[in-house]
Amino acid sequence: MTGFYTLFHKELLRFWKVSFQTVLAPVLTTLLYLLIFSHVLEDHVQAYPGVAYTVFLIPGLVMMAVLQNAFANSSSSLIQSRVTGNIVFVLLSPLSYREIFLAYVLASVARGLVVGMGVYLVTLGFFEVPLRSFPWVLLFTLLGSALLGALGVIAGIWAEKFDQLAAFQNFIILPLTFLSGVFYSIHSLPPFWQSLSHFNPFFYMIDGFRYGFFGVSDVSPYFSFAIVVTCFLAVSWLTLKMLKTGYKLRH
Amino acid sequence: MTPAIEINQVHKYFGAVTALEGIDLEINPGEFFALLGPNGAGKTTLIHILAGLTLASSGSARVMGHDVVADYREARRLLGVVPQELVFDPFFTVRETLVIQSGYYGLKKNDSWIDEIIHHLDLADKANTNMRALSGGMKRRVLVAQALVHKPPVIVLDEPTAGVDVELRQALWRFIKQLNRDGHTIVLTTHYLDEAEALCNRVAMLKQGKVVALDSTQNLINSISGASVRLRLSPDTLPAALQPLLTSHDEGYYVLTVKEYSEIEDVLAALRRAQVQVLEMQLLQPDLEEVFVKIMGSTESQEAA
Ligand SMILES: Nc1ncnc2c1ncn2[C@@H]1O[C@H](COP(=O)(O)OP(=O)(O)OP(=O)(O)O)[C@@H](O)[C@H]1O
Ligand SMILES: [Mg+2]
């Protein structure tokens, strides 16, 4: 238990010591998105009846920040440790692969929560965002950030160099988040794109999360929940398998 | 008695490269053991297999009776490894690094032992300095400290004195010797053979992934039969009668090898007869380096044959 807790704590310190880059910067970036998109699209788009576009946008952006930062935390920590070689200190220790998994994923969840809270709290100062069901909001935040934290572990282990990690981020994580309905309701899409969106797990994370705020969503939150849990279990299984066999970590 | 380290028929292949080819080794508790060999012999690979940083292609390894794969948690708890590469986490200070490392081993309150290590490795001034700001030798000391936080009964040091100044080298060995006296098993690799000779009671020599010599340090040195004498002569020519004894001739120095010390009499007599004057004379004691060179050389000629 102490071993797990130490690694978890170390991972928290790692981002907290540079919170300017790891918390403040992403909060600021997200607020810029909000400012620009709401300014450009406020009068043209209405996603849900009776909900101003900017207000519609806020939960999506909060969740996007949560997901991206959760991914960034575990992936960048792992690739840095591997490239600099200090991952040996973890590998030499009696920490089990399960403890390593939990520590990295939970630290990712923490970073996702902190950044998400940051964005949310700032926007509250300017907009009135309803909060219909806090449990759904919390549930999707935790699940989504854990899923992305686990994906980050996979990416951080798989990538040999920083540019490979950037490729993973730019070609997989970023498109999936942008095409998940952060900026629109998928009902406003042509049928083809609408059905394609249903294959994007990120869509369900955003949609379920948004349901917690508005009580309205594109699909049932129970369905979204089932999909996200399934994805989380599948990704965790793969991550644990990689850690157990020592894939790319123990040569 | 359970051996501290037990290695059975370990093979390791990296693609087409064979790093280890059937290593068998047993090291007893309390030994001070040297693992010697030229660059690329496989020393680090063997250590990595013990530590679980590398998985053996075949064969098995145990630390204090615990298999390093099947029972990895216990094996790792009993082992402290100083890695060869100079690695560190730039986010933390020396003390933070040691507290974190203790935590990985499940140790919450380890401050008094950490203080002791810091003291012995002369890191007290730097305890609150960020790792990034340390010199290379200082970083090496922290690596040693990290390997000791959990007081492992088996301590493996992979070239701990590379790039370390004389003072620390002495302090480090004093500390390690004390740990050995307290019952810790020590395994080290080094390219400084005088260090190995002075410290270790037993030596394994590795070459191209195989153990080519394994014996007590003293037996290995005794295996070099005879004695050598180094001479500077005037005139600078060796009498023909002594040519068969010549083993090397370098910058005016002749090294002659004799079977016994008493034969040196005959050498001097032969020189006198040839009216050659001895300007300098030095008796060379056989040492581990000589054994090393001889063993590495002889296995080479065997391979050529
Ligand atoms: N990860 C790896 N991938 C491929 N080959 C490797 C790897 N690690 C080691 N080798 C090869 O295995 C052989 C043994 O290397 P090792 O590092 O064990 O030697 P060593 O005895 O520690 O040498 P040195 O004294 O230089 O530290 C070398 O031929 C090396 O190139
Ligand atoms: Mg080596």
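The values are calculated or read from the model by the stated rules, or taken from the named source; none is laboratory data. Everything numeric in this text was worked out from a predicted model, so none of it was measured. A quick note on method: Cβ atoms are made from the backbone with ideal geometry, for glycine too, and the neighbour counts reach across all protein chains shown. Each accessible area value is taken on the protein alone, full model and side chains, heavy atoms only, with ligands, DNA and RNA left out. Shrake-Rupley method; radii C 1.70, N 1.55, O 1.52, S 1.80 Å.
Can you find even one residue in the stretch B:49-70 that is away from ligand 1 (no atom under 15 Å from the Cβ) and within 21 Å of residue B:191 (Cβ to Cβ)? No: the stretch B:49-70 contains no residue that is away from ligand 1 (no atom under 15 Å from the Cβ) and within 21 Å of residue B:191 (Cβ to Cβ). For the stretch A:142-153, a residue qualifies if it is surrounded by fewer than 21 Cβ atoms within 10 Å (Cβ to Cβ) and either among the β-branched types (Val, Ile, Thr) or over 20 Å from residue A:200 (Cα atoms) (or both), but none of them does. Residues that are more than 14 Å from residue A:89 (Cα to Cα) and not charged (D, E, K, R) do occur in the stretch B:99-108, at least one of them. Scan the stretch B:214-236 and tell me whether some residue there is touching a residue at least 24 places away in the same chain (Cβ under 8 Å), hydrophobic (A, V, I, L, M, F, W, C) and either within 16 Å of ligand 2 (Cβ to nearest atom) or assigned to a loop (DSSP other than H, G, I, E, B) (or both). Within the stretch B:214-236, one or more residues are touching a residue at least 24 places away in the same chain (Cβ under 8 Å), hydrophobic (A, V, I, L, M, F, W, C) and either within 16 Å of ligand 2 (Cβ to nearest atom) or assigned to a loop (DSSP other than H, G, I, E, B) (or both). Select from the stretch B:81-115 the residues that are open to solvent by less than 50 Å² (accessible area, probe 1.4 Å) and under 17 Å from residue A:96 (Cα atoms) and write down the one among them that is farthest from the other protein chains (Cβ to nearest Cβ). Looking at the filtered set, the residue picked out is B:102.
In the stretch B:21-69, the residue that is nearest to residue B:193 (Cα to Cα) out of those that are open to solvent by 30 Å² or more (accessible area, probe 1.4 Å), within 16 Å of ligand 2 (Cβ to nearest atom) and away from every other protein chain (no Cβ under 12 Å) is B:38.
Looking at this structure, is residue B:266 within 30 Å of residue B:29 (Cα to Cα) and of a type in the set (Asp, Glu)? It is false that residue B:266 is within 30 Å of residue B:29 (Cα to Cα) and of a type in the set (Asp, Glu). Only one entry in B:254, B:261, B:192 is modelled with pLDDT of 90 or more and assigned by TED's automatic domain parsing to the domain that holds residue B:278, namely B:254.
Within the stretch A:161-205, being out of contact with any helix residue (DSSP H, G or I) (no Cβ under 8 Å at 6 or more places or on another chain) and among the small types (Gly, Ala, Ser) holds for A:166, A:167, A:188, A:195. The residue that is farthest from the other protein chains (Cβ to nearest Cβ), among those in the stretch B:143-177 that are away from ligand 1 (no atom under 16 Å from the Cβ) and of a type in the set (Val, Ile, Thr), is B:166. Restricting A:199, A:223, A:192, A:209 to those that are in contact with a Phe, Trp or Tyr (Cβ under 8 Å, 6 or more places away or on another chain), aromatic (Phe, Trp, Tyr) and over 21 Å from residue A:57 (Cα atoms) reduces the list to A:223. Answer yes or no: is there a residue in the stretch A:178-196 that is at pLDDT 90 or above and either closer than 22 Å to residue A:65 by Cβ or surrounded by 15 or more Cβ atoms within 10 Å (Cβ to Cβ) (or both). No, because not a single residue in the stretch A:178-196 is at pLDDT 90 or above and either closer than 22 Å to residue A:65 by Cβ or surrounded by 15 or more Cβ atoms within 10 Å (Cβ to Cβ) (or both).
Quick grid of which residues meet (1) of a type in the set (Val, Ile, Thr); (2) in contact with a helix residue (DSSP H, G or I) (Cβ under 7 Å, 6 or more places away or on another chain); (3) free of Cβ contacts under 8 Å to residues at least 40 places away in the same chain:
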| site | (1), (2), (3) |
| --- | --- |
| B:76 | no, yes, yes |
| B:80 | no, yes, no |
| B:92 | no, yes, yes |
| B:97 | yes, yes, no |
| B:103 | no, yes, yes |
| B:114 | yes, yes, yes |
| B:127 | no, yes, yes |
| B:147 | no, no, no |
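Of the residues making up the stretch B:165-193, just one is in a loop (DSSP other than H, G, I, E, B) and open to solvent by less than 10 Å² (accessible area, probe 1.4 Å), namely B:190. Any chance you could count how many residues in the stretch B:4-17 are open to solvent by 20 Å² or more (accessible area, probe 1.4 Å) and either away from ligand 2 (no atom under 16 Å from the Cβ) or touching a helix residue (DSSP H, G or I) at 6+ places or on another chain (Cβ under 7 Å) (or both)? Total meeting the criteria: 7.
Which one is least open to solvent (accessible area, probe 1.4 Å) among residues in the stretch B:116-139 that are charged (D, E, K, R) and within 14 Å of chain A (Cβ to nearest Cβ)? Checking each candidate, the answer is B:139. Of all the listed residues (A:124, A:139), the sole one being exposed (fewer than 13 other Cβ atoms within 10 Å of the Cβ) and not polar (S, T, N, Q) is A:124. The number of residues in the stretch B:156-179 that are away from ligand 2 (no atom under 16 Å from the Cβ) and either out of contact with any helix residue (DSSP H, G or I) (no Cβ under 9 Å at 6 or more places or on another chain) or within 19 Å of residue B:47 (Cα to Cα) (or both) comes to 4. If you filter the stretch B:21-67 down to residues that are part of a strand (DSSP E or B) and without any contact (Cβ under 8 Å) to a residue 24 or more places away in the chain, you find that the one that is nearest to residue B:214 (Cα to Cα) is B:26. Anything in the stretch B:1-20 that is more than 15 Å from ligand 1 (Cβ to nearest atom) and either part of a strand (DSSP E or B) or within 14 Å of chain A (Cβ to nearest Cβ) (or both)? List them, or say none. Across the stretch B:1-20, the qualifying residues are B:5, B:6, B:8, B:9. Of the residues making up the stretch A:90-107, not a single one is at positive phi and facing another protein chain (nearest Cβ under 10 Å).
State whether the residues of the stretch B:21-35 include one that is within 15 Å of ligand 1 (Cβ to nearest atom), in the same structural domain as residue B:186 (by TED's automatic domain parsing) and more than 30 Å from residue B:297 (Cβ to Cβ). No.
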